[in-house]
Amino acid sequence: MPEVELSAGTIEYEDTGGNGPVLVLLHGVAMDGSLWRNVVADLRADFRCVVPTLPLGGHRKPMKPDADLSILGVARLVAEFLERLDLRDVALAMNDWGGAQALVADGRTDRIGRLIITSCEAFDNFPPGLPGGNLVLAAKMPGGLSAAFTLLKLKSMRRMPLTWGWMSKRPVDHAVMDNWFRPVWDSPEVRRDLRKYILSVPPKSELLDWAEKLRGFDGPALVAWAEEDKVMPPEHGRRLAELLPNSRHVAIADSYTLIPEDQPTELAKHMGEFLAETANA
């Protein structure tokens, strides 16, 4: 897997290559870029898909001890990643992680031409829902993250509402989840990185101010939200589409938050149509 050295540390990524428009796909906490594997399989013929693994717990290489891994810090790493790879006019897609409002609020969109926001943290829903609140409690206790993720070695625990049961309507392949969780299981430094992010949530007023700044992004935007989402309120998808001045909203049926897992073909279809229709925007 290729990698790039950023100010915070080494980031691994997948790059399908090719001369097509650049599509960068971002994942959420305790996952890696493989979240998008089935969507990428449908889109790679027409797009250059670049999929970094962010330092959110599923990363195999710990960041530097002094790295800023706050929400805003990770958003700045995304911008730095685009710059280091010299990626321009990017279509930036995200699921679960709600960094779009931080990127726009911080003025880090010069390399982003289009946004694809799928069920994710938004407005003041940081940390999101029951799973997010459970992670915060674990992160605040000594050894709490280690204990919480050790429980996820038991496959039956993965479908509980407080863990991953409300993240996907269908169970994620256990081999995939094992790869997502292994860095947290094995590395105290990765747990340190994850703890930094989880405990970095700013005041709700600041989060809402970030969201309001989305009005300033005038590039095309697709907001695709799971109709049955139990962690990211469906109304947030509609509100985001209203904030973004050049956006469209689509509801994805029969899915929870992880649309790339529950409905990858449907999501890829909407993404492909949106990217084709806005190619010259």
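Values in this text are rule-based calculations from the coordinates and carry no lab data. Bear in mind the structure is a predicted one, so any value in this text is a computation, not a measurement. Every residue, glycine as well, gets a Cβ built from its backbone with ideal geometry; the counts of neighbours run over all protein chains shown.
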Response to the item:
Scanning the stretch 110-164 for residues that are among the hydroxyl-bearing types (Ser, Thr, Tyr) and assigned to a strand (DSSP E or B) gives THR118, SER119
Worksheet item: What are the residues in the stretch 135-145 that are surrounded by 14 or more Cβ atoms within 10 Å (Cβ to Cβ) and over 18 Å from SER70 (Cα atoms), if any?
Response: GLY144
Worksheet item: Tally time: how many residues in the stretch 83-110 are over 18 Å from TRP210 (Cβ atoms) and in contact with a strand residue (DSSP E or B) (Cβ under 6 Å, 6 or more places away or on another chain)?
Response: 7
Worksheet entry | Matching entry among TRP210, TRP225 (being over 16 Å from the mean Cα position of the chain (by Cα) and either under 18 Å from ALA253 (Cα atoms) or among the aromatic types (Phe, Trp, Tyr) (or both)) | TRP210
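Scan the stretch 45-59 for residues that are crowded, with 16+ Cβ neighbours inside 10 Å and at negative phi and jot them down. Before the answer, list the steps.
Of all residues in the stretch 45-59, those crowded, with 16+ Cβ neighbours inside 10 Å come to 47-59.
Those that are crowded, with 16+ Cβ neighbours inside 10 Å and at negative phi: PHE47, ARG48, CYS49, VAL50, VAL51, PRO52, THR53, LEU54, PRO55, LEU56, GLY58, HIS59.
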Practice prompt. Give me a count of the residues in the stretch 24-71 that are under 16 Å from ILE11 (Cβ atoms) and among the basic types (Lys, Arg).
Written response: 3
Item to complete: Might you let me know whether the stretch 183-199 holds any residue that is surrounded by 16 or more Cβ atoms within 10 Å (Cβ to Cβ), in contact (Cβ under 8 Å) with a residue 12 or more places away in the chain, assigned to a loop (DSSP other than H, G, I, E, B) and in contact with an Asp or Glu (Cβ under 8 Å, 6 or more places away or on another chain)?
Response: no
Item to complete: Report, by residue number, each residue of the stretch 223-268 that is under 18 Å from ARG114 (Cβ atoms), touching a helix residue (DSSP H, G or I) at 6+ places or on another chain (Cβ under 8 Å) and not small (Gly, Ala, Ser).
Response: VAL223, TRP225, LEU240, LEU243, LEU244, PRO245, ARG248, HIS249, VAL250, ILE259, PRO260, LEU267
